[in-house]
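A short worksheet on the structure shown next.
Where a number appears in this text, it was derived from the coordinates with a stated rule and is not lab data. Here the structure is a predicted model, which is why all the values come from computation and not from measurement. Cβ coordinates were reconstructed from backbone atoms using ideal geometry, including for glycine residues, and neighbour counts include every protein chain displayed.
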Amino acid sequence: MDGPVLFGVRHLSPAAAFQLERALEECRPQLVLVEGPSDLNDQMHWLCHPETRFPAAILAYTSEPPVRTILYPLAVYSPELRAVLWAHAHGVECRFMDLPSGAMLALEEAGEDREEPEENTEWVYRQLEQRTGEEHDTFWERSFEQLEDWRAFQAAVNTFGEQLRRTARDGKFRTAKTLVREAYMKRVIGEAVEAGVPPERIFCVCGAFHVPGLRENQPMTDEELAALPRADCTATLMPYSYYRLSSRSGYGAGNRAPAYFELLWDALHQGGPGDLPSLYLTRLAAAHRKAGNLVSSAEVIEALRLARALCALRGSRYPVLADLRDGAVAAMGHGNFSELAVAAADTEIGTKVGFIPEGVSRTSVQEDFYRQLRELRLEKYRGMEQQQLDLDLRERLNVKDPKAALLDLRRSRFLHRLRVLGIRFAAPLPSRQQGANWGEYWALRWTPEAEIEVVEASLLGDTVEGAAAFALKERGEACSSIAQAAAVFQDAFLCGMPAAARHALKVLQSLAVDAAALTDVADTAVRLSLVVRYGDLHRFDPAPVVPLLQQLFLRACLTLEDACRCDAKAAPAVTAAMDQLNRLQLDHDCLDGERWLELLGRVSDRDDLNTLCSGFAMAALLERGEADEALLAREISRRLSPGVPAELGAGWFEGLASKNRCALIARLSLWRHLDDYLSALDEGQFRRALVFLRRAFSGFTPAEKSDIAENLGEIWGVNREQAAEALMGELTQSEQEALKGLEDFDFDDI
Amino acid sequence: MAEQNVQRLPAEELYRRELEALMAAEQDPIPTGWRMSPRSVLTYIMGGEKVKGVEITPKYMGSRRLVEIAIATLVTDRALLLIGEPGTAKSWLSEHLAAAVNGDSTKVIQGTAGTTEEQIRYSWNYAMLIARGPSPEAMVKSPVYRAMETGSIARLEEISRCASEVQDALISILSEKRLSVPELGLEVPAVKGFSVIATANTRDKGVNDMSAALKRRFNIVVLPTPTDLATELEIVRTRVEQLSAGMDLNARQPGEDTVEKVVTIFRELRAGATLDGKQKLKTTTGVLSTAEAISLLANSMALAGSFGSGTVTAEDLAAALQGAVVKDEEKDRLAWKEYLENVMKKRGSGWLPLYRACRELEP
């Protein structure tokens, strides 16, 4: 062999890691070069530190906002990591050989938004998927992870890389980036050779895709090196989690089943890939049992047999994850994957979280946190003593700099994001404003725990905003009621994060389908309405909220009539919802007014609904000028005609009286009818009616009550003076007794 | 054979040429008792390139993987249970599997409330039994019995319609793989290749729920409703064409556009979400299966042909749609109304006539 050994790998592939170790053992190189940013060689000793636990990630991020990051996640079975660890254990020199992270970040930035032609690398993957009828990951596992000889593996993987390179038509920019990186790697190899390492004793670990490039391309010249763009950046090692590894898709960035691949890695070291199926299935069965289900060993055996038959149909030696899973679903899960979902998540993803020795991490979230603290002039609040901060969210018109003009709004968003992340630095205080919401009050206090919580947030994202977005998304997905989803939405709104808000909205929409309770729907609609109306203040575009608001309103309209068929206990809640909806409709032109008025008319007309609701509907119509004098007169005489039971008549009146009282007081005919109705009631009925009436009048002001009294006086032919005289006079014996009799009266409400 | 007079031929007769071509071209190992390799069975079901000049038509339009699981189950001589909504081609798939594996799809027991244990095991020709006493000649073997003797596949339709004691009779057969005839002192062992394909309907859940013991003896494959719009459109279009040709409906084929609308509405209400997945919807109590969409279209064609202009109009469709979606429950009416307002109304001018026609029917 004349040149350096080029060992093509797939990132996060156990077989590649395993074969790589064997190849290293056999080649015994003098220098190991690994695809990874060459300025991060100093991170290597932390990778080999005895306290470090994987998964971990090397993170490089720009020092200036907007923060851009590149992340190299490493699991125990990452070939790159194995190469580094092997070199460390054998005292062989090891270096990273890819572009420095600054150059990589700068290239990444330049490459953003560049259009990619259709036939890019992903397109080739899709084509392969169509041909094989399997997902790319499955195809890879079936074709490569089961090869048992390292030379065969190397040949297969290098061929795959070569063919992929030949078939894919990546965009100009992406191709150029690949070439620049390869030229740089080639230069690093050249430098090593110049330094006296025999070429055949150099061992390069790189993506299989790069192998042909490293073989054929020219090394980078000095001028080219000088011309590389650079971005200011920092790099650190951070703990990673299997969960996060599995939630990121795409080549190199993630791995859908990290725990499963760790099993494969273990199996390769123990008895070969043939052990994996039984290992996986027994674990799956154990996890399924732990979740409270019954699984017999016979079923596990059948699942294994089925998986074997499936892999034979596909022509692979051992079952792959897809076969095992399908086998388990048919034999253990009664044909439904959902039955096994919890156990599968446990077995395939797992909960492993990495660990980095203390003091090593300086993550981009921490960096971002402190930078924002500075920018938003909040540093002085970073003390152990609690301080209060009052914010005025309105734009300051006397300040020219647009950033400064909205300083308080930006502070508010930042603090809300911290709150969402559970970083206990700032706690909101209740608002002291009434009828306005541009003021916010916060209590700020720094604790050592808060620092830890900031580091923990780095597991969720690269910046405070990114982490908050992830946290909101997770919370959104866990929602089970529209109230919860509305709260998430409100948080996203307060954090000023439209994408997260849209996601929460989507969750809300899907939950709203099943939420039948009218009051919940109305409450949620009101919350959304606030956002639509005050979105401006928070610089939030309410457009996506409107359709949902319309939907909720429609849902409420469709269920309202049924909801009105309720007992006296539930009726107040229904009328409250009706009131909310009525106001919503008045506030928003986008809500179907015609439908609403028609509905109010029906509720008001129908005799079989709770009369409180009917009365309220009448009141709403009256208030909106949709009911004329004649209709009101007709309704009053119909609802309050003698013979109508007290709870119905008085209940209706209570509903009617809960709105536009001035107009009611001015209508003498109403009081005459009420008077006639009450006089016609017998003793027991009257007592019942009293409960409703008392409640109806309890909301009236003293002035209104005296106006009513005057009305009644006019009806009864008693003037003000006469009444005063009668009331000021001593109580007669019979009157006192009558009052005493009332003491035991149950007013039902207090 | 006078094939023309038979209303419906079994699969192995209907597709004899394809089966023979596949067998002649066989290259892979064949399991004991099978007529062709599992891979050829897969090709027969899913369709494929010409084999020996014979085109292999697709019999099942749907997930290839599920068919693979079904075939692999039969390879491991486990019993196979196909579960699905009505109209998801369970029996169809079971028939073709048996036809391909054994060249005989006729060993069938139709599960009903009246199915007895004898029909699963064996019964007697009573005249002969009384005349000559118990003898092998007097025995009437069930399809399962015959399948065990010959090492082939027995089919059991709608297993969850059978009473539970009948279902239990299967347990011993499936676990012991032998059947005893105490009257004759016989023990009939199942010959290699014996298996059972059963089907069950998800809508029958709760009628005669299968016991855990019985379920454990099956590998279960759940057949989904067609996975995407294109597949379902294809199925509906082909079937409507076949139906209208056979039944003189005197109406023009409903346009591409109409079929798409019906299938879209069915799919969305069935899945409880719009096709783009952006909006969740209330589901209805009705099944809204592909088969129903087919008959809905055929009915509107019959309506248009007999009483209308011969072209299916929005009004014909609206009435049929409402009938299919709104069964007799309040919940359905609500779901349908919401669907009209939230989805159909906002779909643009193409949907407007249908929306108006549907809206008009609303009280």
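Overview of results
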| item | result |
| --- | --- |
| Nearest-0.05 FRET efficiency for A:THR175 and B:GLU55, computed from C-beta distance (R0 45 Å) | 0.60 |
| Nearest 10 degrees, 0 to 90: helix A:172-194 Cα axis against chain A principal axis | 40 |
| Neighbour-count ranking [beta-carbon atoms within 10 angstrom, fewest first] of A:LYS569, A:LYS506 | A:LYS569, A:LYS506 |
| Neighbour-count ranking [beta-carbon atoms within 10 angstrom, fewest first] of A:TYR240, A:TYR534 | A:TYR534, A:TYR240 |
| Calculated FRET efficiency for the pair B:THR227/B:THR106, C-beta based, R₀ 30 Å, to 0.05 | 0.45 |
| Packing-based exposure ordering (other Cβ within 10 Å, fewest first) of A:HIS538, A:HIS45 | A:HIS45, A:HIS538 |
| On Cα atoms only, tilt of A:258-270 relative to the major axis of chain A in degrees | 30 |
| Percentage relative contact order, the range B:106-146, counting C-alpha pairs under 8 Å, at least six apart | 49 |
| Centre separation in Å (Cα based) which lies between the range A:693-736 and the range B:80-148 | 90 |
| Helix axis angle, A:593-605 relative to chain A longest principal axis, alpha carbon, degrees | 40 |
| Kyte-Doolittle mean at least 0.0, axial Cα span of 20 Å or more - DSSP H helices of chain B | B:229-247, B:290-307 |
| Entries in A:LYS290/B:LYS177; A:LYS659/A:LYS705; B:LYS59/B:LYS90; B:LYS215/B:LYS282; B:LYS90/B:LYS261; B:LYS90/B:LYS331 that, when Cα-Cα distance is taken, lie over 22 Å | A:LYS290/B:LYS177; B:LYS215/B:LYS282; B:LYS90/B:LYS261; B:LYS90/B:LYS331 |
| The range A:597-682: chymotrypsin sites (Phe, Trp or Tyr not before Pro) falling in loop per DSSP and having at most 10 other Cβ within 10 Å | none |
| Estimated FRET transfer efficiency when R0 is 56 angstrom, pair A:ASP541-A:VAL193 (beta carbons, to 0.05) | 0.45 |
| Of the GluC sites (Glu not before Pro) in the range A:649-750, those whose Cβ has at most 14 other Cβ within 10 Å and which sit in DSSP loop | A:GLU730 |
| Between the range B:11-43 and the range A:303-331, the Cα center-to-center distance that results, in Å | 22 |
| Cα centroid separation - the range A:357-421 against the range A:148-204, whole Å | 46 |
